[in-house]
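The values are calculated or read from the model by the stated rules, or taken from the named source; none is laboratory data. Everything numeric in this text was worked out from a predicted model, so none of it was measured. Note that we place each Cβ from the backbone using ideal geometry, even for glycine, and neighbour counts take in every protein chain shown. Note: areas computed on protein heavy atoms with side chains; ligands, DNA, RNA excluded. Shrake-Rupley method; radii C 1.70, N 1.55, O 1.52, S 1.80 Å.
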Amino acid sequence: MELKRVVVTGMGALTPIGNTLGEYWDALLSGKSGAAPIKQFDASLFKTHFACEIKNFNVEDFIDRKEARKLDQFSQYAMVSATEAIADAGLMESNPNLDRVGVIWGSGIGGLKTFQDEAENFFSGDGTPRFNPFFIPKMIADIAAGHISIKYGLRGPNYVTVSACASATNAIIDAYNLIRLGKADAFVTGGSEAAVNQMGMGGFNGLKALSTRNDSPETASRPFDLDRDGFVLGEGAGALILEEYEHAIKRGAKIYAEVIGGGMSGDAYHMTAPHPEGLGARNTMIAALDDAQIDPTAIDYVNVHGTSTPLGDIAEVKAIQAVFGEHAYNLNISSTKSMTGHLLGAAGAIEAIACIMAVKHDIIPPTINHFTDDPELDPKLNFTFHQPQKRVVNVALSNTFGFGGHNTSVIVKKFVG
């Protein structure tokens, strides 16, 4: 069968550096750091005192107070970003067949704050099991997709993907595949995460995964820097409207870019550490290129997973060099996590958005916070340090990897009708 073309017709972003798509993109190009001392709780007893939190955000500006109380933060973030994306696409104004519009969402953890709150209430009481009736519906990871579907009456396929930090990219790839197979006309897809709380901070500190650069939070996320010491925890959401090309054209939708390939692989190596030679990362990029039916030399920009961990950055660069060979020196590579921190299950969504905007506007967002070259990384590679770089960006690839050895890559290209 002939596969359908899939385009991006709307986007929304709620991030530590901007609460809308436009604010997010402007902040990326200005090299803005979203890291700062934590305000949501007293982190003074934790090893890490800072994170990339959402700022200047009042959920009641977007969602009725009564309804907001039924939603964990990760669902609130999902609803806000999805609402922006749907409006951006003009999707509902075109009266689509709602039986063929679905929601596939990603979240690595789901309602962690809700779980924490209910556990605290239980263990601080007399032992009588008194639980909020919304405890389970607020906590479960699939509920964000359910709420988006209910609000807009979207009756197409509806589910969540959970693959740690690869969750949102898995959601995007699933939506892309179902559209090109003719199973749906459009999807609201992306991911959200809200793990900046005591359990999230304590858990990642226990893994020794987080930066502890408490004296300089804004420079703590240092992908590819010799002195990187872990990732910076972030929160937020990103949403994309993926749509079948003919469907989008028929309703006169604006088109940001075209999705042309997705790849997935497993490391089969370690619970939390990447394969040291980047084997899984290499395989997922190769799979995405094969799916897109393009040569590696067609890629102009790679938005890397690039979390600022000692092992992960090196493994990913090894994988890039293995896949792209000499063309690796023609690539722009950047880690936008240097600005946003690591949004865990939402990372793939906001980073796919960064790739789409780079393709649309022919400019590469930078990697900030580089101070000292790492001798294990090839200095001839262009990591787009410090400043954005203008160039023609016809095709971009976004990598996201997760604990458990989950690897995903998605490829977008400049739209040509």
Open item on the list: Among the residues in segment 188-196, are any surrounded by fewer than 19 Cβ atoms within 10 Å (Cβ to Cβ), acidic (Asp, Glu) and closer than 23 Å to residue 31 by Cα?
Closed with: no
- [ ] Name every residue in segment 116-161 that is assigned to a loop (DSSP other than H, G, I, E, B), surrounded by fewer than 20 Cβ atoms within 10 Å (Cβ to Cβ) and modelled with pLDDT of 95 or more, in order of residue number.
- [x] 140, 142, 153, 155, 157
Open item on the list: Condition check: in contact (Cβ under 8 Å) with a residue 12 or more places away in the chain, among the hydrophobic types (A, V, I, L, M, F, W, C), touching a Pro at 6+ places or on another chain (Cβ under 8 Å) and surrounded by fewer than 24 Cβ atoms within 10 Å (Cβ to Cβ). Does residue 98 satisfy that?
Closed with: no
Task: Filtered residue count, segment 263-292, keeping only those that are over 22 Å from residue 206 (Cα atoms) and surrounded by 19 or more Cβ atoms within 10 Å (Cβ to Cβ) - done: 16
- [ ] Name the one entry in 235, 218 that is of a type in the set (D, E, K, R), touching a Phe, Trp or Tyr at 6+ places or on another chain (Cβ under 9 Å) and within 30 Å of residue 373 (Cβ to Cβ).
- [x] 218
Task: Breaking point among (1) buried (at least 24 other Cβ atoms within 10 Å of the Cβ); (2) closer than 21 Å to residue 350 by Cβ, for residue 218 - done: (1)
TODO: Pairs only if they're at least six apart or on different chains, beta carbon under 8 angstrom, first in segment 192-206 and modelled with pLDDT of 95 or more, second buried (at least 18 other Cβ atoms within 10 Å of the Cβ) and of a type in the set (Asp, Glu); list them, first residue then second.
DONE: 193/235; 194/72; 194/235; 195/235; 196/53; 196/235
Open item on the list: residue 54 - would you say it is modelled with pLDDT of 95 or more, surrounded by 20 or more Cβ atoms within 10 Å (Cβ to Cβ), hydrophobic (A, V, I, L, M, F, W, C) and within 16 Å of residue 343 (Cβ to Cβ)?
Closed with: yes
Open item on the list: Checking residue 91 against (1) open to solvent by 20 Å² or more (accessible area, probe 1.4 Å); (2) under 13 Å from residue 241 (Cβ atoms), only one condition comes out false. Which one?
Closed with: (1)
- [ ] Could you grab me the full set of residues in segment 340-365 that are surrounded by 24 or more Cβ atoms within 10 Å (Cβ to Cβ), assigned to a loop (DSSP other than H, G, I, E, B) and either more than 11 Å from the chain's Cα centre (by Cα) or at positive phi (or both)?
- [x] 341, 365
Task: Pairs with Cβ under 8 Å, 6+ apart, first in segment 354-382 and without any contact (Cβ under 8 Å) to a residue 12 or more places away in the chain, second part of a strand (DSSP E or B) and open to solvent by 10 Å² or more (accessible area, probe 1.4 Å) - done: 379/373
- [ ] Go through 377, 397 for me and flag whichever is under 27 Å from residue 283 (Cβ atoms) and part of a strand (DSSP E or B).
- [x] 397
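Condition check ((1) within 16 Å of the chain's Cα centre (by Cα); (2) under 21 Å from residue 241 (Cα atoms)) across all residues:
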residue: 4; (1), (2): no, yes
residue: 32; (1), (2): no, no
residue: 44; (1), (2): no, no
residue: 96; (1), (2): no, yes
residue: 105; (1), (2): yes, yes
residue: 110; (1), (2): yes, no
Task: Boolean, residue 172 is buried (at least 21 other Cβ atoms within 10 Å of the Cβ) and not polar (S, T, N, Q) - done: yes
- [ ] Look through segment 174-190, keep the residues that are assigned to a strand (DSSP E or B) and among the small types (Gly, Ala, Ser), and return whichever of them is farthest from the chain's Cα centre (by Cα).
- [x] 186
Open item on the list: Restricting to segment 21-45, name every residue that is open to solvent by 50 Å² or more (accessible area, probe 1.4 Å) and not small (Gly, Ala, Ser).
Closed with: 23, 26, 32, 37, 39, 40, 42, 45
- [ ] Inspect all residues belonging to segment 294-301 and state whether any of them is in contact with a Gly (Cβ under 8 Å, 6 or more places away or on another chain) and surrounded by 19 or more Cβ atoms within 10 Å (Cβ to Cβ).
- [x] no
- [ ] Answer yes or no as to whether residue 211 is modelled with pLDDT of 95 or more, within 25 Å of residue 81 (Cα to Cα) and polar (S, T, N, Q).
- [x] no
TODO: Identify the residue in segment 65-88 that is under 14 Å from residue 242 (Cα atoms) and among the aliphatic types (A, V, I, L, M) and, among all such residues, is surrounded by the most Cβ atoms within 10 Å (Cβ to Cβ).
DONE: 82
Open item on the list: Testing residue 9 on (1) in contact with a Phe, Trp or Tyr (Cβ under 8 Å, 6 or more places away or on another chain); (2) open to solvent by 50 Å² or more (accessible area, probe 1.4 Å); (3) among the polar types (S, T, N, Q), one condition comes back false. Which one is that?
Closed with: (2)
